[in-house]
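These notes concern the structure reproduced below.
The values are calculated or read from the model by the stated rules, or taken from the named source; none is laboratory data. Keep in mind that this is a model prediction, so the values were computed, not measured. Using ideal geometry, Cβ is built from the backbone for each residue, glycine included, and neighbour counts are taken over all protein chains shown.
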Amino acid sequence: MEKAKISLYQLFVLILLFELGSAILVPLAIDAKQDAWLAILSGLIGGLFLFWINYRLFLYYPELAPPEYMQKLLGKIAGTFLAFWYIIFFMYTAARVLRDFGEMLLTFAYLETPLFIVNALLMLVIIYAVSKGIEVVARTGELFFVSIYFLAITGFILIVFSGLIDLNNLKPMLEEGIFPIAKVAFTQTLYFPFGESIVFSMIFPYITKRKSVKKVGLFAIGLSGINLAITMAINIGVLGVDLASRSQFPLLSTIQSIQVAEFLERLDVFFMISMVICIFFKVSIYFYAAVAIAAVIFKIKKPSKLTYPMGMVVLFMSVTIASSYAEHLKEGLEFGTRYVHPFFLVIIPMLLLGIAFIKNRKRSSHQKI
Amino acid sequence: MTMSLFSLSKKMKKLKIQKKPAQQHDLPAKALQSSLQEQIDYIKEKTGNSIDVVIRKLQLGDGKSAAVVFVEGIADSKAINDFLIESIMNKHPVHNSQPIFEILLKEVVALGDVKEITDWDNLYLSLMSGESIILVDGAQKALSASTRGGEHRSIQEPGSQVTVRGPRDGFTESIRTNTALIRRRIQNPDLWLENMKIGSVTKTDVSMMYIKGIAKDEIVEEVRNRLKRIEIDSILESGYIEQLIEDQPFTTFPTLYHTERPDMVAGNLLEGRVAIIVNGTPFVLIAPAVFIQFFQSVEDYYGRADIATALRFLRILIFFISIIAPAAYIAVTTFHQEMIPTQLLVAIAAQRETVPFPALVEALIMEVSFEILREAGVRMPRAVGSAISIVGALVIGQAAVQAGIVSPAMVIIVAITAIANFATPAFAVAISARLIRFGFMFAAATFGFYGIILGVIILAVHLCSLRSFGVPYLTPMAPLIPANLGDTIVRLPMWAQKKRPRLFSDNKENRVGDNQKPQPSQSRGMVNSALEKGDQDEQN
């Protein structure tokens, strides 16, 4: 653990940038068709619950980082082993996000550029940022947050004023009842993006005002969920279900269809700006969590020393995890959300909370006697 | 063999540790001799018979010989003549019950600051700083009288940071004048001044000034410690100090502010900052400095708040233009042609048709030739200045376009960048933008807008990682301090700026009283009655 202080506002900004990160780019919950926004909102409720679990664990051990309380709860060996798996999970997810980003950049702007180069450039910037420490990442977040929201609001206004939204595309609501929505919510949106907020349990110990963590965290996740739902509803409203589900990046297609006064058109670059910034924060936070856990369990005093070797691993992983984008997506859906996410994001935290609850109850009852 | 080598290197290390810097001689300072002739000889020997060291021998009342020693030019010769030499000659101090030095001190030397000196080190220090030394035969002491003076530049309007409205005085090369200029603005005993001599050879006076009770104690302590740990032979400008005390040496951004304007220093002291004044330069350092400060001008506070806010937005825009404009042109013409409206694209493509270079080379040619021109313009004597502008207009202008080396659009971009660069109020930031611009141009040439965005992110991370005396460089934006946002890009009116910057100042008192917002209603009744009265007078 490095010496750092994170304010509540910084936590809020980081959570928001992180949650929006890659989720806003992909066709999120499109399996629920025109009700995708409902599926996102129902996934949000589960996501808030998962955040609460991590927050409770943090309350039991406010001074300790997750790998440290894992070691306390499960014993030295098992705890270290589990923490080690979290390093791999975070690095793998960082690599996945990086891959998503690289593929997207190649498809819409840099057709001839090799994936490795695009990923390597972003990864170098991320390594630089993470090696400066979490405080610097948080401050950079504060700086970009305003500009991202400014761009987002401008984009929203432009879409509304160019009269692109057709609300009929969002009808009929609940065409096949509540079941498909619930299925999408609990197999997809619960984990991605809301369940991913587990990385912030690495950042909780830095926060000075602990009491407000719950309020700020839940608010940030709630706001991000609402933003995602609005974005997806707009995407479907503009493109229609068919186009939105066939498009790799529905938000990009939506933005490309903006045309105002024959002057404001082809705004892809603004999309690219906000995308690079959001992905930068998402990968940075995942990567930071991986580095910080490694620093704790291997007892390394300066976590910044780990950033270069581990960053290289993430970079190579991002290129080699799949041989094509289709394979990458299939891996993500069939392996990632089916097995990996439930295990790391839901089962383990609940298990840890259960053990912590029993242990602490025992201890408090002992104290009473 | 290896063992012996090992022990040898160990010895060497020990030796290195033992070897102290030459300036820190802990030997007891050499005491003065008692014979006047010996003293004078010693001074002559030490100063190498320099002719500006004047030794004036005198006769005291009881026949004892004495001497007044001063350095011509840095001592005020009028004061020495009137209050020292003339006084001694007229009064003929006689050695009676009191020792001669007390008589000199009490009755003869008509000057403000007089000290007794017993060792040579202090004597030379006083002598070389412009004080005059009085030596008396048979005494192992000397008197030093403060006669510092001599010629220096009078107070003039500062050459940098010119304003339309605001005081016209600027700092000079004399440290006392400079501190006086600040004191005249803040007439308060809490304005504290600490002096130290830095530079083992030059013994330059360096003062730090702050307002006790407003400046944060930790920052004052930090500045003091950083100044005290300086070991260097010479300080010729405040830039020397700046390089030795800044937080992060590997950055193009300045983490100390420097200014020639006393009103600016006074304003910063009142916010809780510390000023470092160096003898021999009109540039005063201000610590800690934050990024947004470099986009503020003193005039913002003298003019209207709304206009100042608009100007500050303009300056931020200018900064981005001066960094990104050429890079954006390169990115658009090489990678993202689809961004430009078709007609403009056709026009630019037609212009570029004759240009044999890629956009990057074209931009580099123009930027580098502009930098050459600018450097020449700064260094050239004033008499040939007009030649530069004529030749410059040819190089960056019509001739270059007609020769087919660059396109007209590129000329416009370079011109805008250059003007934007000149418009940044603080030279220190403008010059770093000049350098960073080239990095962005290369990034744009290789990866288009993706490169520019990554560059912006690196720039942001770098700025966020900087600190100035422990204060994050981007306060109050990152970390966000809402109470201090009133004087950043936005400037609120004076009556609305209540708090001092939280990170520099411990003082939680409001700067302005409550209900200071001007309200016109009170005077209305008065005006109305005066009008009515006037009407009645006219009717009569």
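Per this entry, B:LYS78 is counted among residues that are loosely packed, with under 11 Cβ neighbours inside 10 Å, within 43 Å of the chain's Cα centre (by Cα) and modelled with pLDDT of 80 or more. Residues of the stretch B:286-309 include at least one that is basic (Lys, Arg), more than 14 Å from chain A (Cβ to nearest Cβ) and either in contact with a Leu (Cβ under 9 Å, 6 or more places away or on another chain) or over 22 Å from B:HIS462 (Cβ atoms) (or both).
Mind checking which residues of the stretch B:270-308 are in a strand (DSSP E or B) and among the β-branched types (Val, Ile, Thr)? Answer for the stretch B:270-308, where residues must be in a strand (DSSP E or B) and among the β-branched types (Val, Ile, Thr): B:VAL274, B:ILE276, B:ILE277, B:VAL278, B:VAL284, B:ILE286. Of the numbered criteria (1) hydrophobic (A, V, I, L, M, F, W, C); (2) closer than 24 Å to B:ALA445 by Cα; (3) over 34 Å from the mean Cα position of the chain (by Cα), the one B:MET366 fails is (3).
Is it the case that some residue within the stretch A:267-274 is β-branched (Val, Ile, Thr), under 21 Å from A:LEU151 (Cα atoms) and within 14 Å of another protein chain (Cβ to nearest Cβ)? Within the stretch A:267-274, one or more residues are β-branched (Val, Ile, Thr), under 21 Å from A:LEU151 (Cα atoms) and within 14 Å of another protein chain (Cβ to nearest Cβ).
Going by what's in this entry, would A:MET70 be described as buried (at least 21 other Cβ atoms within 10 Å of the Cβ), within 14 Å of chain B (Cβ to nearest Cβ) and in contact with a Leu (Cβ under 8 Å, 6 or more places away or on another chain)? Criteria not met by A:MET70. Does the stretch A:193-206 contain any residue that is more than 25 Å from A:ASP268 (Cα to Cα), within 14 Å of another protein chain (Cβ to nearest Cβ) and out of contact with any Pro (no Cβ under 9 Å at 6 or more places or on another chain)? Among the residues of the stretch A:193-206, at least one is more than 25 Å from A:ASP268 (Cα to Cα), within 14 Å of another protein chain (Cβ to nearest Cβ) and out of contact with any Pro (no Cβ under 9 Å at 6 or more places or on another chain), which makes the answer yes. Regarding A:LYS362, is this residue out of contact with any helix residue (DSSP H, G or I) (no Cβ under 9 Å at 6 or more places or on another chain), in a helix (DSSP H, G or I) and at pLDDT 85 or above? For A:LYS362, the condition - out of contact with any helix residue (DSSP H, G or I) (no Cβ under 9 Å at 6 or more places or on another chain), in a helix (DSSP H, G or I) and at pLDDT 85 or above - is not met. In the stretch A:138-164, the qualifying residues are those that are buried (at least 16 other Cβ atoms within 10 Å of the Cβ) and more than 14 Å from chain B (Cβ to nearest Cβ), and the one that is nearest to the chain's Cα centre (by Cα) is A:ALA152. Here B:VAL162 passes the criteria (1) farther than 19 Å from B:ASN279 by Cα; (2) among the aliphatic types (A, V, I, L, M); (3) touching a residue at least 24 places away in the same chain (Cβ under 8 Å); (4) surrounded by 13 or more Cβ atoms within 10 Å (Cβ to Cβ) except the one numbered (3). All conditions but one from (1) farther than 22 Å from B:LEU317 by Cβ; (2) within 13 Å of chain A (Cβ to nearest Cβ) apply to B:ALA445; the one that does not is (2).
Determine, yes or no, whether B:THR202 is part of a loop (DSSP other than H, G, I, E, B) and under 17 Å from B:SER129 (Cα atoms). Answer is yes for this residue.
So that you can scan it fast, the table gives a plain yes or no per residue for (1) under 15 Å from the mean Cα position of the chain (by Cα); (2) farther than 30 Å from B:ALA75 by Cβ:
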{"site": "B:GLY159", "(1), (2)": "yes, no"}
{"site": "B:GLU173", "(1), (2)": "yes, no"}
{"site": "B:LYS212", "(1), (2)": "no, yes"}
{"site": "B:ARG229", "(1), (2)": "no, yes"}
{"site": "B:ASP233", "(1), (2)": "no, no"}
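Apart from one condition, A:VAL184 fits all of (1) farther than 30 Å from A:ILE347 by Cα; (2) surrounded by 20 or more Cβ atoms within 10 Å (Cβ to Cβ); the exception is (1). What residue, of B:ALA215, B:ALA180, is surrounded by 20 or more Cβ atoms within 10 Å (Cβ to Cβ) and aliphatic (A, V, I, L, M)? Checking each option against the conditions leaves just B:ALA215.
When B:ILE416 is tested against the conditions (1) surrounded by fewer than 20 Cβ atoms within 10 Å (Cβ to Cβ); (2) free of Cβ contacts under 8 Å to residues at least 40 places away in the same chain, the lone failure is (2). Apart from one condition, B:SER126 fits all of (1) within 20 Å of B:VAL53 (Cα to Cα); (2) touching a residue at least 60 places away in the same chain (Cβ under 8 Å); (3) among the small types (Gly, Ala, Ser); the exception is (2). Is the stretch B:17-34 home to any residue that is modelled with pLDDT of 85 or more and not in a loop (DSSP other than H, G, I, E, B)? No, the stretch B:17-34 has no match at all. Here the stretch A:297-337 is the region considered, the condition is being among the basic types (Lys, Arg) and surrounded by 13 or more Cβ atoms within 10 Å (Cβ to Cβ), and the residue that is farthest from A:LEU122 (Cα to Cα) is A:LYS330. Looking at the structure I just gave you, is B:GLN337 of a type outside the set (Lys, Arg), loosely packed, with under 13 Cβ neighbours inside 10 Å and within 22 Å of A:TYR110 (Cα to Cα)? Yes; evaluated as a whole, the condition is true for this residue. Scanning the stretch A:125-172 for residues that are basic (Lys, Arg) and closer than 30 Å to A:LYS305 by Cα gives A:LYS132, A:ARG139. On the given criteria, is A:THR107 under 17 Å from the mean Cα position of the chain (by Cα) and among the polar types (S, T, N, Q)? Here the answer is no, as A:THR107 does not meet what is asked. Return a yes/no flag: does the stretch B:141-152 have any residue that is more than 30 Å from B:SER200 (Cβ to Cβ) and either crowded, with 18+ Cβ neighbours inside 10 Å or outside the structural domain of B:ASP263 (by TED's automatic domain parsing) (or both). No: the stretch B:141-152 contains no residue that is more than 30 Å from B:SER200 (Cβ to Cβ) and either crowded, with 18+ Cβ neighbours inside 10 Å or outside the structural domain of B:ASP263 (by TED's automatic domain parsing) (or both).
Apart from one condition, B:GLN497 fits all of (1) within 14 Å of chain A (Cβ to nearest Cβ); (2) over 30 Å from A:GLU112 (Cβ atoms); (3) of a type outside the set (A, V, I, L, M); the exception is (1). Filtering the stretch B:375-385 for residues that are at pLDDT 85 or above and closer than 22 Å to B:THR252 by Cβ leaves a non-empty set. Here the stretch A:101-123 is the region considered, the condition is being surrounded by fewer than 17 Cβ atoms within 10 Å (Cβ to Cβ) and within 11 Å of A:LEU315 (Cα to Cα), and the residue that is farthest from the other protein chains (Cβ to nearest Cβ) is A:PHE116.
Conditions tested, residue by residue: (1) of a type in the set (Gly, Ala, Ser); (2) surrounded by fewer than 20 Cβ atoms within 10 Å (Cβ to Cβ); (3) within 20 Å of B:MET366 (Cβ to Cβ); (4) more than 8 Å from every other protein chain (Cβ to nearest Cβ).
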site	(1), (2), (3), (4)
B:ALA428	yes, yes, no, yes
B:PHE438	no, yes, yes, yes
B:ILE452	no, no, yes, yes
B:ILE458	no, yes, no, no
B:SER468	yes, no, no, yes
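Of everything in the stretch B:310-345 that is under 20 Å from B:PRO254 (Cβ atoms) and not β-branched (Val, Ile, Thr), the residue that is nearest to the other protein chains (Cβ to nearest Cβ) is B:PHE320.
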